[in-house]
Amino acid sequence: MSGAGVEIERKYLLPGPPPAAVLESATAYEIEQTYLTAATGARRVRRRVGADGERFWLTEKHAISGIARTEDERELSADEYRSLLQEADPRSGTVRKTRHVIGHGEQEIELDIFEAPPGLVLLEVELGSEDEAVDLPAWAAGAVDVSEDGAYTNVEIARRLGPAAKG
């Protein structure tokens, strides 16, 4: 795949969504993620709808250590996406969320408000190194670092949704 690299990210569980003014100033994308059967790691297809239209990706991730993982990603055609959906993991549902991309100082925040599972709000910050400091905005008060808690990976969220949540 093209787009290979290392992803280093901190993830935080928020008690709820931020104030409306924060969301209004963000770039928003509707996202559906379906996990595919994979021998190792996590393999998924993503459908994203935003101001730049409808786009599709295939991504494979493998844990390296701590909060770092390899990430291989390439954009797909709509036909490739539909074809790969046939390989959906039968144990998993489809994750549905709205991603709000927000600039904060030198970092970019990705705030995910989930439709499925409902009520879940996660904030992610991609970093240049595992020891890079994260300065959360005031509206993220009460955030809990879940970066190394496997229960908050999207693949585990999809498994908790189960097959009944297919899109």
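Could you pull out the residue among Arg55, Arg47 that is touching an Asp or Glu at 6+ places or on another chain (Cβ under 8 Å), free of Cβ contacts under 8 Å to residues at least 40 places away in the same chain, in a strand (DSSP E or B) and surrounded by fewer than 19 Cβ atoms within 10 Å (Cβ to Cβ)?
Numbers: Arg47 fails: surrounded by fewer than 19 Cβ atoms within 10 Å (Cβ to Cβ).
Every option except Arg55 fails the conditions.
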Tally time: how many residues in the range 143-165 are of a type outside the set (Val, Ile, Thr), outside any helix (DSSP H, G or I) and crowded, with 16+ Cβ neighbours inside 10 Å?
2
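Considering only the range 121-142, state which residues are surrounded by 13 or more Cβ atoms within 10 Å (Cβ to Cβ) and more than 12 Å from the chain's Cα centre (by Cα).
To start, the set of residues in the range 121-142 that are surrounded by 13 or more Cβ atoms within 10 Å (Cβ to Cβ) comprises 121-127, 130, 132, 134, 136-137, 139-140.
Of everything in the range 121-142, those that are surrounded by 13 or more Cβ atoms within 10 Å (Cβ to Cβ) and more than 12 Å from the chain's Cα centre (by Cα) turn out to be Leu127, Glu130, Glu132, Val134, Leu136, Pro137, Trp139, Ala140.
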Here is a check on your reading of the model: is Ile157 under 16 Å from Pro18 (Cα atoms) and touching a helix residue (DSSP H, G or I) at 6+ places or on another chain (Cβ under 9 Å)?
no
Would you pick out the residues in the range 116-130 that are modelled with pLDDT of 95 or more and among the acidic types (Asp, Glu)?
Glu124
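Are any of the residues in the range 131-141 in a strand (DSSP E or B), at pLDDT 90 or above and at negative phi?
no
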What are the pairs, 6+ residues apart or on separate chains, where a residue within the range 145-161 that is β-branched (Val, Ile, Thr) has its Cβ under 6 Å from a residue that is in a helix (DSSP H, G or I)?
Val146/Tyr152
Name every residue in the range 61-99 that is among the small types (Gly, Ala, Ser), under 16 Å from the mean Cα position of the chain (by Cα) and assigned to a strand (DSSP E or B), in order of residue number.
Ala63, Ala68
Over the range 113-131, the set of residues touching a residue at least 12 places away in the same chain (Cβ under 8 Å) and closer than 18 Å to Ile67 by Cα is Leu122, Leu123, Glu124, Val125, Glu126, Leu127, Gly128, Ser129, Glu130
Gly66 passes all but one of (1) over 29 Å from Glu130 (Cβ atoms); (2) loosely packed, with under 15 Cβ neighbours inside 10 Å; which number fails?
(1)
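Does Ile113 satisfy the criteria of being buried (at least 18 other Cβ atoms within 10 Å of the Cβ), among the β-branched types (Val, Ile, Thr), within 18 Å of the chain's Cα centre (by Cα) and part of a strand (DSSP E or B)?
Details: buried (at least 18 other Cβ atoms within 10 Å of the Cβ): yes; among the β-branched types (Val, Ile, Thr): yes; within 18 Å of the chain's Cα centre (by Cα): yes; part of a strand (DSSP E or B): yes.
Yes; evaluated as a whole, the condition is true for this residue.
Considering only residues of the range 45-73 that are small (Gly, Ala, Ser) and at pLDDT below 90, which is nearest to Ala28 (Cα to Cα)?
Kept after step one, since they are small (Gly, Ala, Ser), are these residues of the range 45-73: 50-51, 53, 63, 65-66, 68.
Subsequent filtering for residues that are at pLDDT below 90 retains 63, 65-66, 68.
Values: Ala63: 28, Ser65: 30, Gly66: 29, Ala68: 25 Å.
Once the filter is applied, the top-ranked residue is Ala68.
Condition first: within 23 Å of Tyr35 (Cβ to Cβ) and among the charged types (D, E, K, R). Now tell me which residues in the range 95-113 satisfy that. So that I can check it myself, show each step before the final result.
Taking the range 95-113 first, the residues within 23 Å of Tyr35 (Cβ to Cβ) are 95-101, 110-113.
Selection gives Arg96, Lys97, Arg99, Glu110, Asp112.
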Those residues that are in a loop (DSSP other than H, G, I, E, B), exposed (fewer than 15 other Cβ atoms within 10 Å of the Cβ) and out of contact with any His (no Cβ under 7 Å at 6 or more places or on another chain), I need them from the range 1-44; list them, please.
Met1, Ser2, Gly3, Ala4, Pro15, Gly16, Pro19, Ser25, Thr37, Ala39
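The values are calculated or read from the model by the stated rules, or taken from the named source; none is laboratory data. Fair warning: this is a prediction, and the values are worked out from it, not measured in the lab. Don't worry about glycine lacking a Cβ; one is built from the backbone with ideal geometry, like all the others, and counts go over all protein chains shown.
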